[in-house]
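In what follows, a structure is listed as structure tokens, so that the remarks can point back to it.
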Amino acid sequence: MSFQAMAWAIEQKLPTREKFVLIMLANYAGNEQWDCHPSINTLADDTGMSRDTVIRAIKALEDASLVKIVRRNVDGINLPNIYRLIRAGGSSTVQGGVVAVCDQGSSTVQGGVVAVCDSNQSLEPIIEPVEQRASAPQKDSGLIGLDEIKSEFPDLPEQLVRDFLRVRKAKKAPLTETSWRRIAKVLSEAAEKGCTPSDALGLAVERGWQGLSLQWLSNAGLLTSNVKSIRKGLGPDGKLLPGYFWHDADIDLPAEKRRILSDETHDRASGYRWDYLRSRGMA
């Protein structure tokens, strides 16, 4: 086998069957003359083709000036042909002209390369690797974006939401469902205490917060609770509930600073705790 002949055969641009037969011939070629003499049966076995298909392929290679057939006969006895690969023949291309040779006959398109077809043998497609384009990254369905936030708080300005998402992105903190639920809870609770979602989220963007808490909003003075603070023992109207009384020592102090005592824990008459009085044997 000549490696140069094999390399040359591989470089030729031919239809699949012709090229396969040419490579098989090159496999048997010598190193110098590139002569070989495999039988048709041998080539048929090597290529898996029928004898007729191999013969037509060799004829096509001969017509393309890639192979010279030297027929031998000694005393009327036919010997295997010698096939000489013509290295100076150059490369032949499929587009340079095709002669189609079939069982139904042949038709010449432009001359040049011969394409052989066998009506009893199906053509095998040549599958070439296709470069796959990198698919665009898909949005992670587990992350919250502009649409989800706006659907829950439609009054939030779109630009404000985008800015908040940028703050999270800069901090490498994607807005997950869990994170968003906590933030949404704070926004809703803050709204009940007089702070709009826009003001709350705006403060987060201004200060570069990736989250929110009521304490932070309170520290910023954004919460003005509409629910009055009720001390233990006082009703909504500010009056003492049954079972509670003011400490006598605080009688001159403003109501918000006076101590409220319970009958369960203190003695109304003295103002002392019951456990203290019992420890002294006074109750």
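The values are calculated or read from the model by the stated rules, or taken from the named source; none is laboratory data. Just so we're clear, the structure is a prediction, and the values are computed from it rather than from any experiment. For neighbour counting, all protein chains shown are included, and Cβ atoms are generated from backbone atoms with ideal geometry for every residue, glycine included.
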**Filter result for Gly194 (modelled with pLDDT under 90, on the phi > 0 side of the Ramachandran plot and not assigned by TED's automatic domain parsing to the domain that holds Glu152)** = no
**Request:** Scan the range 176-215 for residues that are surrounded by 15 or more Cβ atoms within 10 Å (Cβ to Cβ) and of a type in the set (Lys, Arg) and jot them down.
**Result:** Lys193
**Prompt:** How many of the residues in the range 15-66 are touching a residue at least 12 places away in the same chain (Cβ under 8 Å), in a helix (DSSP H, G or I) and either in contact with a helix residue (DSSP H, G or I) (Cβ under 7 Å, 6 or more places away or on another chain) or of a type in the set (Asp, Glu) (or both)?
**Reply:** 22
**Complete:** Out of (1) in a loop (DSSP other than H, G, I, E, B); (2) touching a residue at least 24 places away in the same chain (Cβ under 8 Å), the one Ala204 does not meet is (1)
**Asked** Which of (1) within 18 Å of Met6 (Cα to Cα); (2) buried (at least 19 other Cβ atoms within 10 Å of the Cβ) is the odd one out, the single condition Thr53 does not satisfy?
**Response** (1)
**Asked** Pairs under 9 Å by beta carbon, first residue within 13 Å of Asp267 (Cα to Cα) in the range 233-256, partner modelled with pLDDT under 80 and among the charged types (D, E, K, R), six or more apart or different chains?
**Response** Tyr244/Lys232
**Fill in**
Flagged in the range 153-170 as farther than 12 Å from Leu201 by Cβ and surrounded by 12 or more Cβ atoms within 10 Å (Cβ to Cβ), in numbering order, are Lys169
**Message:** Here is a check on your reading of the model: is Ser135 under 26 Å from the mean Cα position of the chain (by Cα), assigned to a helix (DSSP H, G or I) and modelled with pLDDT under 95?
**Reply:** no
**Request:** Looking at (1) part of a loop (DSSP other than H, G, I, E, B); (2) at pLDDT below 90; (3) surrounded by 13 or more Cβ atoms within 10 Å (Cβ to Cβ), find the lone condition where Ser218 falls short.
**Result:** (1)
**Message:** Let me spell it out: the conditions are (1) surrounded by 11 or more Cβ atoms within 10 Å (Cβ to Cβ); (2) touching a Ser or Thr at 6+ places or on another chain (Cβ under 7 Å), and Gly243 meets all of them except one. Which number is the exception?
**Reply:** (1)
**Request:** Tell me which residues, restricted to the range 13-35, are modelled with pLDDT under 90 and crowded, with 20+ Cβ neighbours inside 10 Å.
**Result:** Ala26, Ala29, Trp34
**Message:** Every residue in the range 88-97 that is closer than 17 Å to Gln33 by Cα and either surrounded by 14 or more Cβ atoms within 10 Å (Cβ to Cβ) or at pLDDT 80 or above (or both), please.
**Reply:** Gly89
